[in-house]
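Inspection log for the structure reproduced underneath, given as structure tokens.
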Amino acid sequence: MKRIAIVGGGIAGLSAAYFLEKNRKQGSALEWKLFEKSGRLGGVIRTEYLDGYVLEAGPDSFLSVKPDATALCRELGLEQQIIQSNDHLRRTYILVRNRLIEIPDGLQFMVPTKILPIAATPLFSFGTKLRMAREWFTEPRNGEKDESVADFVRRHFGQEMVDRVAEPMLAGVYGGNAEQLSVRAVLPMFAAMEREHGSLARATLKARRKSAGAKPQPLFTSLKNGLQQLLESLTPALDPSAIRLQQPVESLRRVEGGWQVESAKGSEKFDAVMLSIPATAAAALLTPIDAVISSHMERIQATASAAVAIAYDKVQLPPGFGFLVPGTEGRSMMACTFVHNKFSFRAPGGSSLLRCFFSSSRVPDLTSWTDEDLEKTSLRELKEILGLDATPRFVRVFRWRQALPQYETGHLDRVAEIQTRLAALPGLNIIGNSFYGVGIPDCIKSARQAVEKMQGKLTANAHE
């Protein structure tokens, strides 16, 4: 009987437990235990319901192009609850000199693909538009050294594209700084385009021609009653006696034939361990086991974040999904989503739900801000940006001390060394969002792959 410990009850740990339980029920000789230091499962995924509004405390959706989350939802019987973003309403604005400018048609993330809308937009200066035209003639580049997203974008399109598009867009996804984030880890597709084609514009248009005729996929996917539904469907599929809430793991050590897990309530031996906790927490457990792995994990710092949900009975807003705020605007808010437009079933008919996002990468002392500070700042900046002076129906503040890991320059090289060294530590696995993606599908995929690898070893041993 193989015994497996899962440390951490976020979506990666829960998914690992689900896949292991599924294998156990199908006859695999294994048992698992999940250790979670808090009193609830789900990590940053949490949904609240108030006055007919659906409030997401953490992520509000996941990318549709990444299949693992949708596949798990369907496997759990949530097919009828899956909803797509209202992309027919999708318009996004960038704040430039306190004016909201719509991202023009034909700008695919930061790559211009249509001449006329780009030529007409006030988002970019004439100099930047000339830079975009010259980018078409960029030769392939096979640089071996990693670089920041900001350096990469600057080489192709100039500083204005960094300031007005790349920085605010990545801040909205990673809550981080484009000057530090690794282009290979964060934008691997663009790095590959440059190696093969040179010009990102030429590469993007070529890819679009190849996919011509294919039905466009909605950008985001969620669940009708919020992402809490995923947790509520996962947990009943698990053995409740195997879940140890409020039982943090205090230390981990190698012993003959496995791993000794020391928790607040005792010590147990396991054949394998799956760490599904923030990178810095994993680093602390791994220090006595492998100092190099621990050092690399310590480098993967996470930003703190806050989301401020603001409900209104009825207000006039620009059409679309919301706006992004570049750091050059000197504001605390990084983004604001018009939730009632982005997804259906999020607010009573005719009412509005806004969600303002803050990160410690923009506000270094964010963890010392009170809820009142965040509420006042949100309302003040919404008034200054949108002219919004209505009294909210309510305001809810959600905060996370460790929200999003930062994949800084050299990240994939460090991860490769971690993986090499993990191969010399049989039974030890690191899953979650520390390595290859920060979204819900990435976390589920990491858990699925780790369990499949473990199952393969079980099957091979059974046939020996």
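The values are calculated or read from the model by the stated rules, or taken from the named source; none is laboratory data. Just so it is clear, the structure is predicted and the values come from calculations on it, not from any experiment. Virtual Cβ from ideal backbone geometry, glycine too; neighbours counted across all protein chains shown. Note: accessible area is taken over every heavy atom of the protein model, side chains too, but ligands, DNA and RNA are not part of it. Shrake-Rupley method; radii C 1.70, N 1.55, O 1.52, S 1.80 Å.
Just so you know, in the range 397-421 the residues that are of a type in the set (S, T, N, Q), modelled with pLDDT of 95 or more and not in a loop (DSSP other than H, G, I, E, B) include one that is nearest to Arg299 (Cα to Cα), and it is Gln419. Look at the range 123-147: where a residue is in contact (Cβ under 8 Å) with a residue 12 or more places away in the chain and a partner is among the aromatic types (Phe, Trp, Tyr), sitting 6+ places away or on another chain with Cβ atoms under 8 Å, you get Thr128/Phe157; Arg131/Phe157; Met132/Phe124; Met132/Phe157; Glu135/Phe157.
The set of residues in the range 409-425 that are open to solvent by 20 Å² or more (accessible area, probe 1.4 Å), of a type in the set (A, V, I, L, M) and out of contact with any strand residue (DSSP E or B) (no Cβ under 9 Å at 6 or more places or on another chain) comprises Ala416, Ala423, Ala424.
Checked against the criterion of being of a type outside the set (Asp, Glu), crowded, with 16+ Cβ neighbours inside 10 Å and not in a strand (DSSP E or B), the range 248-265 contains one or more residues that satisfy it. If you scan the range 318-357, which residues turn out to be hydroxyl-bearing (Ser, Thr, Tyr) and not in a loop (DSSP other than H, G, I, E, B)? Those that are hydroxyl-bearing (Ser, Thr, Tyr) and not in a loop (DSSP other than H, G, I, E, B): Thr328, Thr337, Ser352.
Remark: Ser182 matches the filter, which requires a residue to be over 30 Å from Leu20 (Cα atoms) and either without any contact (Cβ under 8 Å) to a residue 12 or more places away in the chain or open to solvent by less than 30 Å² (accessible area, probe 1.4 Å) (or both).
Would a scan of the range 123-130 turn up a residue that is open to solvent by less than 10 Å² (accessible area, probe 1.4 Å) and touching a Cys at 6+ places or on another chain (Cβ under 9 Å)? Looking for residues that are open to solvent by less than 10 Å² (accessible area, probe 1.4 Å) and touching a Cys at 6+ places or on another chain (Cβ under 9 Å), one finds none in the range 123-130, hence no.
The range 1-119 holds strands (runs of 3 or more DSSP E) entirely within its bounds, and those carrying 3 or more residues that are touching a residue at least 40 places away in the same chain (Cβ under 8 Å) map to 2-7, 30-36, 47-50, 53-56, 82-84, 92-96.
To keep it simple, each residue is scored yes or no on (1) surrounded by fewer than 21 Cβ atoms within 10 Å (Cβ to Cβ); (2) more than 15 Å from Arg399 (Cβ to Cβ).
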position: Gly320; (1), (2): yes, yes
position: Met334; (1), (2): no, no
position: His340; (1), (2): no, yes
position: Phe343; (1), (2): no, yes
position: Arg355; (1), (2): no, no
position: Ser359; (1), (2): no, no
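Of the set (1) surrounded by 16 or more Cβ atoms within 10 Å (Cβ to Cβ); (2) touching a Ser or Thr at 6+ places or on another chain (Cβ under 6 Å), all apply to Trp136 but (1). Within the range 67-98, being open to solvent by 70 Å² or more (accessible area, probe 1.4 Å) and within 14 Å of Gly439 (Cα to Cα) holds for one residue alone: Pro67.
For the residues Thr367, Thr391, the requirement of being assigned to a loop (DSSP other than H, G, I, E, B) and either within 19 Å of the chain's Cα centre (by Cα) or among the polar types (S, T, N, Q) (or both) singles out Thr391. Each residue in the range 426-447 was checked for being closer than 18 Å to Val186 by Cβ and either open to solvent by 20 Å² or more (accessible area, probe 1.4 Å) or aromatic (Phe, Trp, Tyr) (or both), and 8 pass.
When the residues of the range 139-173 are filtered to those that are part of a helix (DSSP H, G or I), small (Gly, Ala, Ser) and in contact with a helix residue (DSSP H, G or I) (Cβ under 9 Å, 6 or more places away or on another chain), the one that is surrounded by the fewest Cβ atoms within 10 Å (Cβ to Cβ) is Ala150.
A quick yes/no check of all residues on (1) farther than 17 Å from Val183 by Cα; (2) not charged (D, E, K, R):
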{"site": "Leu95", "(1), (2)": "yes, yes"}
{"site": "Leu100", "(1), (2)": "yes, yes"}
{"site": "Gln108", "(1), (2)": "no, yes"}
{"site": "Val111", "(1), (2)": "no, yes"}
{"site": "Lys114", "(1), (2)": "yes, no"}
{"site": "Ile118", "(1), (2)": "yes, yes"}
{"site": "Gly143", "(1), (2)": "no, yes"}
{"site": "Ser148", "(1), (2)": "no, yes"}
{"site": "Phe157", "(1), (2)": "no, yes"}
